[in-house]
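Peer 1: My questions all concern the structure below.
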Amino acid sequence: MARITAHAEIKAGAAPGRPASHSRLSRILRIAWRALRDWCGDAAYEQYLRSRGARSASAHTLTPAEFYVEQLNRRYSRPNRCC
Amino acid sequence: MRRFFSITAWAGVALLGASALGAIALRRGETLNAIWFVIAALCSYLVAYRLYSAFIAARLLSLDDTRATPSERHDDGCDFVPTNKWVLFGHHFAAIAGPGPLVGPTLAAQFGYLPGTLWLIAGAAFAGCVQDFVILFCSIRRDGKSLGQMAREEVSERGGFIAQLAVLAIMVILLAVVALVIVNALKSSPWATFTLAMTIPIAILLGLYLRFVRPGRVLEASIMGVALVLFSVVAGQWVANSHSWSHLFTLSGIALTFAIIIYAFSASALPVWLLLAPRDYLSAFIKAGAIFSLAAGILFVRPQVLMPPFTRFIDGTGPVFSGKIFPFCFITIACGAISGFHSLISSGTTPKMILREGHARLIGYGAMLLESFVGVMAMVAACAMTPGVYFAINSPASIVGATADAAATTISGWGFPLSAQTMNDLARSVGEQTLLNRAGGAPSLAVGMAQIFSNTIGGAHLLSIWYHFAIMFEALFILTVLDAGTRVGRFMVQELGGRIWKPFGRRGWMPGILMSSAVIVGLWGYFLYQGVIDPLGGINLLWPIFGISNQLLAAVALVVATTILLKMGRTRLIWVTLVPMASLVTITMTASYAKIFDPSPRIGLLANANALAAQIAAGTIPAAKLGETHRLIFNQRLDAVVTAVLALMILVLIVEAIAQWYSILRRSREPILHESPYIATRWAEDFSGAAHGDD
């Protein structure tokens, strides 16, 4: 269920616990800000903490610094920038 | 009623697009506003996306949103990350959009604006987007497997090995040609060289900040980095005006070649967080900003297109690169219409992050349409400058002469009026000593962009700042392709070497890292060096080989896609991938044959080598130039062999695939499809769509 909520947040770009009466503009700005953070990788660690892999009991949860290096090593070991 | 309005609206879009295409195609002798290009492209893309991609999604691929994607099944927060479709669209676009769609159309503008523009639009809609979309779908259905793995499983073991070798070979040629574009842009330009050099300490500073001060805080670090880079663009002017500093940063082509080789070796061997990744962050932000600014600038300025629809160079005698309109226009445009390299991204990171199958349409097909639009904008920027200026910047000294007077006389003789004063004034206004003989496309694109930007903000006195901003933007993300590509190439060399000697394949073994980095840098560095010393400017030599290899990789991707679709029983609709595949094979094989065997020394590599050998035999080469000429002969023959080997490898793969197709169609063998088994998504309750405003 928690995963579904997280998924719903991904889709809607809404922060949990905020009143629904926020203005349309602030909601759009919040969604844009979240999308920008997701796009550039700023929110990658938060996403990792929400992931099933990090939340499984057997897994060692990486620190922000460990996660950052681990993620970069993976990303730049396969083609990720094109011609 | 709603349906009626929908049909009417789409018919209107189609009609508007057809009118704009008609205006572009049928104008003769009158000036044409760039806005027609934007309307024609956008309307064509909308119609292609609405109709053709929907047809492919529903009828050919039968996308299934109830099926769990790899990101749901393997969600580990590192590789497999469920991602919002618009965010993933941004990721995918940032990954596929490189220098190709900017440089290719700029070079192809030598044929006139029409052939390149039509191929950019039609090629993307019917070939490039189809390739990206279908390969993304195939990889999603196979847990995010790579193109090589899919070729091995679905075509043959040998097919997979050929695909792997082809990727490595293409990577080597790609890195050499993009490095050559940078060398030609920075040659004898202290301002541009200083700006680009400054991005190295800035990236290292960011790398240390992101590693030790605020791990992973990419946004704040990138904002600081972008501010520093923009400051270095302005500071470059002070460097150029200082006698001692400008001397330090005025480098020849050879010196720049070695500087770039040393840089790429370092970026490949150093920890990725120190230099490569922070530079990539900088590049991504500046790339996105510059592309959107260019689009906004074109809409705001609405420049007149001064290049004719066709030039006299469709006969193959062009000064920028030689070869007839068929097949060389298609080969030169490359990534703006279809790029084999995209299939590596579509079978790499993206399928591991996609939330549901239905998103593949927007991400696979839609992102490629946007890339094609970048190509159209580059074409507009190139064609909006005076044709004489365009040819003066992009032609080598051996054809137009090394001085402004000589270039003006030659180019005016071709029917494109140009005065020496125009070139001198233009160079002065952009803060350069000269803009002559800057083959490669980057400087002419920078001039076009700077003219558009300065007409939007700042006027003529900011032209030099905008020019160097554009050069920095191009060089920065070309360097990102270079260092990221060198690192990936290093892993490929280690993997291949590990088959012969196990320790070499270990990724953490330092001697292996250094040796493999040296091998990959040495390979592309050699091609770069031969491009720099080439009397015709190198682009004439290397860009067509790059285009051929890139399009051949696209043919490989479409062979794999066709095989998978046949195994899925989609025989009646197989033309969707078969027709673009057959077209690409025809184009690339014709181009390969011409590059190797054409009797004209300016086109055929062997003819050029033989002509030089004949000159040596006749004693017309001065003794001092004998060594250089022997090297040129060797290089031409080497390039002919490389082109032939690439073409042969792909032919072998095609023959293997045709044998497979025959047995599937004859039903002599039960087709084995290596798809992951169906697992229903756990997010099924979200699929009503209404809850999240999906699609």
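The values are calculated or read from the model by the stated rules, or taken from the named source; none is laboratory data. Given the structure is predicted, the values throughout are model-derived calculations rather than measurements. Ideal geometry is used to build each Cβ from the backbone, glycine not excepted, and the neighbour counts take in all protein chains shown.
Peer 1: Return yes when residue B:343 is outside any helix (DSSP H, G or I) and of a type in the set (Ser, Thr, Tyr) and no when it is not.
Peer 2: The answer is no for residue B:343.
Peer 1: Go through region B:164-193 and count every residue that is assigned to a helix (DSSP H, G or I), more than 19 Å from the chain's Cα centre (by Cα) and over 17 Å from residue B:480 (Cα atoms).
Peer 2: 4
Peer 1: Please specify each residue of region B:487-545 satisfying the condition of being within 23 Å of the chain's Cα centre (by Cα), among the hydrophobic types (A, V, I, L, M, F, W, C) and farther than 30 Å from residue B:326 by Cβ.
Peer 2: Listed by number, the residues that qualify are B:488, B:491, B:492, B:493, B:520, B:521, B:523.
Peer 1: Looking for whichever is more than 14 Å from chain A (Cβ to nearest Cβ), basic (Lys, Arg) and assigned to a helix (DSSP H, G or I) here; the options are B:28, B:50. Which one fits?
Peer 2: Being more than 14 Å from chain A (Cβ to nearest Cβ), basic (Lys, Arg) and assigned to a helix (DSSP H, G or I) holds for just one of B:28, B:50, which is B:50.
Peer 1: A follow-up question, please. Name, by its number, the condition in (1) more than 7 Å from chain B (Cβ to nearest Cβ); (2) among the β-branched types (Val, Ile, Thr); (3) surrounded by 15 or more Cβ atoms within 10 Å (Cβ to Cβ) that does not hold for residue A:69.
Peer 2: Residue A:69 satisfies all of (1) more than 7 Å from chain B (Cβ to nearest Cβ); (2) among the β-branched types (Val, Ile, Thr); (3) surrounded by 15 or more Cβ atoms within 10 Å (Cβ to Cβ) except (1).
Peer 1: Among what's in region B:314-334 and is at negative phi and among the small types (Gly, Ala, Ser), pick the residue that is farthest from the chain's Cα centre (by Cα).
Peer 2: B:318
Peer 1: Let me ask something else. Going through region A:41-56 one residue at a time, which ones are within 17 Å of residue B:84 (Cα to Cα) and not in a helix (DSSP H, G or I)?
Peer 2: Listed by number, the residues that qualify are A:41, A:42, A:43, A:51.
One line per residue, one yes/no per condition, for (1) over 30 Å from residue B:523 (Cβ atoms); (2) among the hydrophobic types (A, V, I, L, M, F, W, C); (3) crowded, with 24+ Cβ neighbours inside 10 Å:
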position: B:442; (1), (2), (3): no, yes, yes
position: B:449; (1), (2), (3): yes, yes, yes
position: B:453; (1), (2), (3): yes, yes, yes
position: B:462; (1), (2), (3): yes, yes, no
position: B:467; (1), (2), (3): yes, no, yes
position: B:485; (1), (2), (3): no, no, yes
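Peer 1: Still on this structure: List the pairs whose first member sits in region B:202-215 and is within 13 Å of another protein chain (Cβ to nearest Cβ), whose second member is among the aromatic types (Phe, Trp, Tyr), and whose Cβ atoms are under 6 Å apart, counting only residues at least 6 apart or on separate chains?
Peer 2: B:207/B:273; B:211/B:273; B:215/A:68
Peer 1: Of the residues that sit in region B:611-629 and are free of Cβ contacts under 8 Å to residues at least 12 places away in the same chain and closer than 22 Å to residue B:600 by Cβ, which one is nearest to the chain's Cα centre (by Cα)?
Peer 2: B:611
Peer 1: Restricting to region B:272-287, what's the tally of residues that are assigned to a helix (DSSP H, G or I) and more than 9 Å from chain A (Cβ to nearest Cβ)?
Peer 2: 5
Peer 1: How many of the residues making up region B:130-161 are assigned to a helix (DSSP H, G or I) and either within 19 Å of the chain's Cα centre (by Cα) or surrounded by fewer than 24 Cβ atoms within 10 Å (Cβ to Cβ) (or both)?
Peer 2: Count: 15.
Peer 1: Could you tell me whether region B:529-539 includes any residue that is of a type in the set (Asp, Glu) and under 22 Å from residue B:174 (Cα atoms)?
Peer 2: Within region B:529-539, one or more residues are of a type in the set (Asp, Glu) and under 22 Å from residue B:174 (Cα atoms).
Peer 1: Let me ask something else. Could you check region B:630-646 and list, in sequence order, the residues that are crowded, with 21+ Cβ neighbours inside 10 Å, touching a residue at least 60 places away in the same chain (Cβ under 8 Å) and of a type in the set (A, V, I, L, M)?
Peer 2: B:646, the sole residue that qualifies.
Peer 1: I've got another one for you. For region A:53-66: of the residues being more than 7 Å from every other protein chain (Cβ to nearest Cβ) and in contact with a Pro (Cβ under 9 Å, 6 or more places away or on another chain), which is farthest from residue B:207 (Cα to Cα)?
Peer 2: Among those residues, the one meeting the criterion is A:63.
Peer 1: Here is a follow-up. For region B:229-267, name all the residues that are more than 21 Å from residue B:187 (Cβ to Cβ), out of contact with any Leu (no Cβ under 8 Å at 6 or more places or on another chain) and of a type outside the set (Phe, Trp, Tyr).
Peer 2: Matches in region B:229-267: B:230, B:234.
Peer 1: When you look at residue B:172, is it under 29 Å from residue B:524 (Cβ atoms), in contact (Cβ under 8 Å) with a residue 12 or more places away in the chain, of a type outside the set (S, T, N, Q) and within 12 Å of chain A (Cβ to nearest Cβ), yes or no?
Peer 2: no
Peer 1: Considering each of B:494, B:530 in turn, give the residue that is buried (at least 20 other Cβ atoms within 10 Å of the Cβ), touching a Ser or Thr at 6+ places or on another chain (Cβ under 6 Å) and assigned to a helix (DSSP H, G or I).
Peer 2: It is B:494.
Peer 1: Checking the structure you have, find out if any residue of region B:439-450 is β-branched (Val, Ile, Thr), assigned to a loop (DSSP other than H, G, I, E, B) and either under 20 Å from residue B:294 (Cα atoms) or modelled with pLDDT of 90 or more (or both).
Peer 2: Within region B:439-450, not a single residue is β-branched (Val, Ile, Thr), assigned to a loop (DSSP other than H, G, I, E, B) and either under 20 Å from residue B:294 (Cα atoms) or modelled with pLDDT of 90 or more (or both).
Peer 1: Separate question: Right, residue A:30: at negative phi and either facing another protein chain (nearest Cβ under 7 Å) or among the polar types (S, T, N, Q) (or both) or not?
Peer 2: The answer is no for residue A:30.
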